[in-house]
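Heads up: the structure comes next, in structure tokens.
Just so it is clear, none of the values below were taken in a lab; they were calculated from the coordinates. Since this is a predicted model, take the numbers as computed values, not measurements. Please note: Cβ atoms are built from the backbone with ideal geometry, for glycine as well, and neighbour counts cover all protein chains shown.
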Amino acid sequence: MTYELVIGLEIHAQLLTDTKAFCRCPNRYGEPPNTLTCPTCLGMPGALPVLNRNVVEQSALLALALNATIHPHSKFDRKNYFYPDLPKGYQISQFDEPFSSGGWQDVEGEWGMKRIRITRAHIEEDAGKSLHQDDGSTVVDMNRCGVPLVEIVTEPDFRSESEAAAFITAVRELLRYIRVCDGNMERGSLRCDVNISVRPLGQTALNERTEIKNLNSIRAVERGILCERERQIRIYESGGQVIRETLLWDEATEEIRPMRRKEGADDYRYFPEPDLVELTVSPEEIERYRDGLPELPNVRRKRYREQLHLHEEAVAVLSGDREQGDYFEALLRLGVDARTAAGWMQGEVRRALTSENRDMADFPLAPSALAELIQAVERSTISISVAKDVFRKMLTDGRSARAIIEAENLSQVSDESELRLIVERVLAENPDELAKYKSGKRNLMSFFMGQAMKATRGRANPNRLAELLQELLDTP
Amino acid sequence: MSSPIPKQNLPWWLYLKMLPSPKNLRNHPDLILEAVEQALVRARDLESLHAFVTLLDERAHRQTAAVRDGLRRGEPLPLAGWLLAVKDNIAIQDVRLTCASKILENFTSRFTATAVERLEAAGAIVIGKTNLDEFAMGSSSENTIFGAVRNPVAPDRVAGGSSGGSAVAVAADIVHGSLGSDTGGSVRLPASFCGVCGLKPTYGRVSRYGLVAYGSSLDQIGAFAHTSQGLFDLLRVMAGRDARDSSSAHEPPPDSRNQFSAIKHSLRIGIPEEYYAHGLSADVETAVRSMISKLERHGHSIVSVSLPHTKYAIPVYYILATAEASSHLARFDGARYGFRSEQATELTDVYELTRGEGFGLEVQRRIMMGTFVLSAGYFDAYYRKAQQVRRRLLEDFSRAFSKVDVLLTPTSPTTTFRLGEKLDDPLTMYLSDVLTVPANLAGIPALSVPIGNDSQGLPIGLQIIGPHFAETMILQLGTEVEGLRDGVSS
Amino acid sequence: MPVTKEDIRRTAHLARLHLSEAELDSMTETLSRVFDDIDQLHEVDTEGVQPLHHVLDLRNVLEEDIPRPCFTREEALGNAPDRTEEFFRLPRVVN
């Protein structure tokens, strides 16, 4: 019997706002425990929530990037349950009137191109962190409590763990790209729960599903899916039934464990949050948000491939990384040829970044500065090898390309008569080699080139030099 | 329950009138400290009334010094001279905030409610936190760990609830004014029972930041004072948008004092027939109708109106308020603050035992009711239905206010009852709110003004209800009612 | 509508309220009567009526994304029934 996997994902993305969703405590990771709290996020008596404007803005960008429809009206609801990391005894979330619904994301893989449908994306708040101690107690850190989240729910459109992995990768890249989430799965700023069922191939009805939590990396998602698939198939093959339950992925043992809870299925008793008012978004505002979106990675990818004809590697890097892509675009706007620019980005710029262990965002040369250097090469003012040198100097001492070229007198010697003189002198100074060349040792051309380049301190226009040498060598 | 005998066999009335008026104190700032001292002494002398939970001697002294200095420097301080009490479900920084519950008995708030901040910034001095029904759930101020609040007019009777302590603090002339909270009548009912004025503002008029919520879509911080004018003075300072409360209205506070006086033009006064139905005591009805006649002779027109959904207000209220309360009170779980049961050895116990031991019976009942109406399978039939009927109630008022300017009703069907009388049957207790609850559901302002006593000498309250943000008008009418009551022409 | 003891038991668990058997009985009786009274709501015709969430017509109450000072750790943990130097502490969730 062949079984088919049916998977849906629930992705929680922490937004990159400066403050929390409903209070103005800083939204920061890694601070000492319980130092980022206030009456509101601690759920103290008398405290009230106030929605962060930037949460709405970032959620709007996220929804639009996923091709979702932003609802003109949405509201908040309370999701009621008891847990140590939930100080109010309820989470402020959105139930029946979410911020956005619909949308899709295309994923590419060995299957070709597949469109994954998104059911909804809504706004909610994160809980604190509970840590289980060896002595049997639980300790709680409330720093994370109240951090804004968008929950993205997909339709059960995935049929393999690779599709799921590709989707998470694509969404992660997209959210980082539009700067609403840093996508760090290890730190938990992007979390993914999996809803999974299996059914005999050909069956259209869905079988019962389970939910897997605590998958902290894309690899864990893939492994978790495969593990659970096995478990469910075994159950069916032995004549049993899969029951709906929540399971935990144990990273250490790479196993699925049941998440045993004393109570039965949670009744969250959703009802409208009385302390928060309705959210409305006008069509004009939606257009404004849309204008605020950058060119998205898949659009860039297509353009770089089909219009600029860049190599696959350049396409991948420049469309996947927002900062690099934007820098590249700036070079193009300054008139640099696409392939030349791509070459510089993939070559010297990348080398400079890795050697200094820097991100593109911290790259010290403005696009105009680099463009000036590149254009000096294109105009043959300097050779490419000199340019690389100048580049390094620009990075270390902060001078402009022009300043360095002038100060060190690096501009290429292209003057015909000057070059001719130099070539003649080289030939004159090396009579033995000249004789050998004339008697058949053609490979000595590179020797003469080397000597001539040395004589010009590398500043000769190589093509012109080669032509002159050839001309003078060929004359008897 | 036996009634406590006051220290001397003198009638209560001789004790009243000892507190100088805020105006007098403001004009003689050096007397403010003495007045504060007197208030604290008096509060302790009248301890048997159980009006106060915490007295703030040191803090009040500090405030007094600051107010005196401020006056010397010429700062405006419009409420300098006012002594206040604050219901113990309203937060003051570094002061115990008990909500009259075991679960918060030793809890200290880390911030101050906006309303209190504003009043103190205007020069008012808070001398203590007052007793209440636990978490504001009750109509008699008997559901409290600090002993039932007693009515100073008749100490074997209730003060009304849930803001009983605050009503008594004013009625017994300990302070000039006090803050309470009103979710279903918890300011107006005790005002009526104790013979003082009590105001529930329009929903959103006064910030709820710092008020421990009961029914968040219904709650408002309200005030007690001896006169409607006094309430106006307090409201002007407290009211206005607060960025820390998302449900806070943008309406600016009522305008300046110079324009406040008795009402200058004649009003169309609506008499909603459903509020004068069975259950109304004869004395109460007589007093109210008599005042209505006086108002008519004074030039206002009287119009009969109908608010047909009135009878459903109690069920709607009890569904919505308890649902909201059950959710809000989930935070009291013994984990981060407050009482934790000593028997608890594992997490479920921490929650269940803490809450079982920490909450009083009435609070537990309401948590159960609220949890039930929100639970799977019942939400549509109860919660959603109640929200729909709530809209119908709001529509009733809108229609009425297109025909009349204000509505006049009794505040309560009866005058105060004996301690313990209604504790056995919650339903009977719930019905005390039948005339006050509708204003909370509609979010409209309502005022209770004392208009005399019944044949047993127990105070009767007249309720004046206005449309949204019409506090000035209803308080002006209140002033006129006070004049007519006292035989003083305005 | 009748409220059964099982309803009450389930509700008490949802609300994390420990009630003894006697308390469960008493609560069942009281709440049954309350709900009998509440049931009159079903007389009201609410066909097509929008549920009322807020009495005021407020929308989009938002605040700028600018940090404000937080509690110190002492202020945050000061009221805790049990704590370590840095954390709130509870008995373990039984798994």
Taking 0.36 nm per intervening residue step and subtracting the Cα-Cα distance, what contour gain separates A:Trp111 from A:Ser238 on full extension?
-> 42.6 nm
Which whole-Hz couplings ³J(HN,Hα) result when phi for each residue of the range B:37-42 is put into the Karplus expression 6.51 cos²θ - 1.76 cosθ + 1.60, θ = phi - 60°, listed in order with x for Gly and Pro?
-> 4, 4, 5, 5, 4, 4
Integer Hz, Karplus 6.51/-1.76/1.60 couplings in order for the range A:104-120, x for Gly and Pro | 7, 8, 7, 10, 10, x, 5, 7, x, 10, 10, 9, 9, 8, 9, 6, 7
Excluding residues on the same chain fewer than 8 positions from A:Lys79, give the lysines whose Cα lies under 17 Å from its Cα.
-> A:Lys88
Does anything in the range A:13-46 have its amide N under 19 Å from the 7 Å Cα→Cβ label point of B:Ala243, and if so which residues?
-> A:17-27, A:37-41
Tell me, what HN-Hα J-couplings in whole Hz come from the Karplus equation 6.51 cos²θ - 1.76 cosθ + 1.60 at θ = phi - 60° for each residue of the range B:96-102, using x for Gly and Pro?
-> 3, 10, 9, 6, 6, 10, 4
Amide H neighbours of B:Gly128 under 5 Å, counting only residues 5+ apart in sequence or on other chains, H built in-plane at 1.01 Å?
-> B:Leu56, B:Val86
Whichever lysines have a C-alpha closer than 20 Å to that of A:Lys388, once near sequence neighbours (fewer than 8 apart) are set aside | A:Lys454
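Averaged over its residues, how many other protein chain Cβ atoms are within 10 Å of peptide A:27-35's Cβ atoms?
Values: counts 2, 1, 0, 0, 1, 2, 8, 15, 6.
Counting Cβ atoms of other protein chains within 10 Å of each residue's Cβ and averaging gives 4.
Given N residues in the range A:3-286, what is its alpha carbon radius of gyration divided by 2.2 N^0.38 Å?
Values: Rg = 19.2 Å, N = 284, 2.2 N^0.38 = 18.8 Å.
With N residues counted in the range A:3-286, Rg over 2.2 N^0.38 Å equals 1.02.
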Cα-centre dipole for the range A:364-412 with unit charges at Cβ (Lys and Arg positive, Asp and Glu negative), debye to 20 | 80 debye
Among B:Thr354, B:Leu320, B:Ile367 - extreme Cα towards positive end, dipole of the range B:315-380, charges at beta-carbon | B:Leu320
Lysine pairs in chain B with alpha-carbon atoms under 25 Å apart, 8 or more places apart or on different chains: how many are there?
-> 26
What translational diffusion coefficient, in µm²/s and rounded to a whole number, does the Stokes-Einstein relation yield for the range B:24-176 at 25 °C and a viscosity of 0.890 mPa s, taking the hydrodynamic radius as the Kirkwood radius over Cα pairs?
-> 159 µm²/s
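For A:Glu287 and A:Ser162, what does the FRET efficiency come to when R0 = 35 Å and r is the distance between their Cβ atoms, rounded to the nearest 0.05?
On the way: r = 37 Å, r/R0 = 1.05.
Efficiency at R0 = 35 Å is approximately 0.40.
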Mean Cβ neighbour count within 10 Å, used as a protection proxy, ranking A:398-404, C:42-48, B:183-189 highest first | B:183-189, A:398-404, C:42-48
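Hey, what does the equivalent ellipsoid look like for chain B, semi-axes from the Cα gyration tensor as sqrt of 5 times each eigenvalue, largest first, whole Å? Present the calculation step by step, with values, prior to reporting the outcome.
Details: eigenvalues 186, 171, 97 Å².
Computed over chain B, the values are 31, 29, 22 Å.
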At 7 Å along the Cα-to-beta-carbon direction for both B:Asn24 and A:Thr340, put a label point, then send me their distance in nm to one decimal.
-> 9.4 nm
The range B:382-434 - Debye-derived log10 I(q)/I(0), Cα point model, q = 0.23, 0.29 Å⁻¹ = -0.94, -1.07
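Could you work out, residue by residue across B:387-395, how many beta carbons of other chains sit within 10 Å of that residue's beta carbon, and then give the average as an integer? List each step's numbers first, then the result.
Details: counts 8, 10, 9, 6, 7, 5, 2, 2, 2.
Mean partner shielding for this stretch: 6.
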What 222 nm value per residue comes from the helices of chain A, counting each DSSP H run with n ≥ 4 as -39,500 (n - 2.57) and dividing by all residues, nearest 500 deg cm²/dmol?
-> -12000 deg cm²/dmol
Which stretch or stretches of the range A:5-44 have amide N atoms under 18 Å from the point lying 7 Å from C:Glu64's Cα along the Cα→Cβ direction?
-> A:17-27
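Assuming R0 = 30 Å, what is the FRET efficiency of A:Arg219 and A:Glu295, from their Cβ-Cβ distance, to the nearest 0.05? Please report the intermediate quantities before stating the final value.
Numbers: r = 30 Å, r/R0 = 1.00.
Computed FRET efficiency for A:Arg219 and A:Glu295 comes out at 0.50.
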What average count of beta carbons from other chains do you get within 10 Å of the Cβ of residues in A:49-58?
-> 4
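Relative contact order, percent, of chain B when contacts are C-alpha pairs under 8 Å separated by at least 6 residues? Mind dumping the intermediate values first?
Values: 1156 pairs, mean separation 82.1, N = 490.
It rounds to 17 percent for chain B.
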In deg cm²/dmol and to the nearest 500, what is the mean residue ellipticity at 222 nm of chain B if only DSSP H runs of at least 4 residues count, each as -39500 (n - 2.57), divided by the residue total?
-> -11000 deg cm²/dmol
Could you pull the Rg and Dmax for the range B:315-380, using just the Cα atoms, both in Å?
-> 12.9, 39
For A:Lys441, the aspartates and glutamates lying under 14 Å Cα to Cα, once residues fewer than eight places off in the same chain are dropped, come out as A:Asp432, A:Glu433, A:Asp474
Compactness summary of chain C: radius of gyration and Dmax from Cα atoms, Å, are 22.6, 58
Between C:Thr84 and A:Arg257, the two model label points (7 Å from Cα along the beta-carbon direction) sit apart by a distance in nm of 1.9 nm
In debye to the nearest 20, the charge dipole size for chain B, taken about the Cα centre with +1 at each Lys and Arg Cβ and -1 at each Asp and Glu Cβ, equals 940 debye
Mind grabbing the base-10 log of I(q)/I(0) for the protein assembly as shown at q = 0.06 Å⁻¹? Debye formula, identical points on the C-alpha positions, no solvent, two decimal places.
-> -0.58
Would you pull out the residues with amide H under 5 Å of A:Asn34's amide H, same chain only if 5 or more places away, H placed 1.01 Å from N?
-> A:Met142, A:Asn143
Cα coordinate range in chain A, projected on the principal axes (Å, largest first) = 100, 58, 52
Cα centre as origin, Lys/Arg/Asp/Glu Cβ charges: the range A:1-145 dipole, Debye | 480 debye
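Provide, as a two-decimal number, the C-alpha radius of gyration of the range A:189-331 over 2.2 N^0.38 Å, N being how many residues it has.
My calculation over the Cα atoms of the range A:189-331 gives 1.57.
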If unit charges are put on Cβ atoms (+1 for Lys and Arg, -1 for Asp and Glu) and the dipole of chain A is taken about its Cα centre, the option from A:Phe271, A:Gln346, A:Gly458 lying farthest towards the positive end turns out to be A:Gly458
What nm value, rounded to one decimal, do you get for the distance between C:Gln40 and A:Arg350 when each label is placed 7 Å out toward the C-beta?
-> 7.9 nm
Distant-in-sequence amide H partners of B:Val303 (H built 1.01 Å from N, under 5 Å) | B:Ile269, B:Gly270, B:Ile271
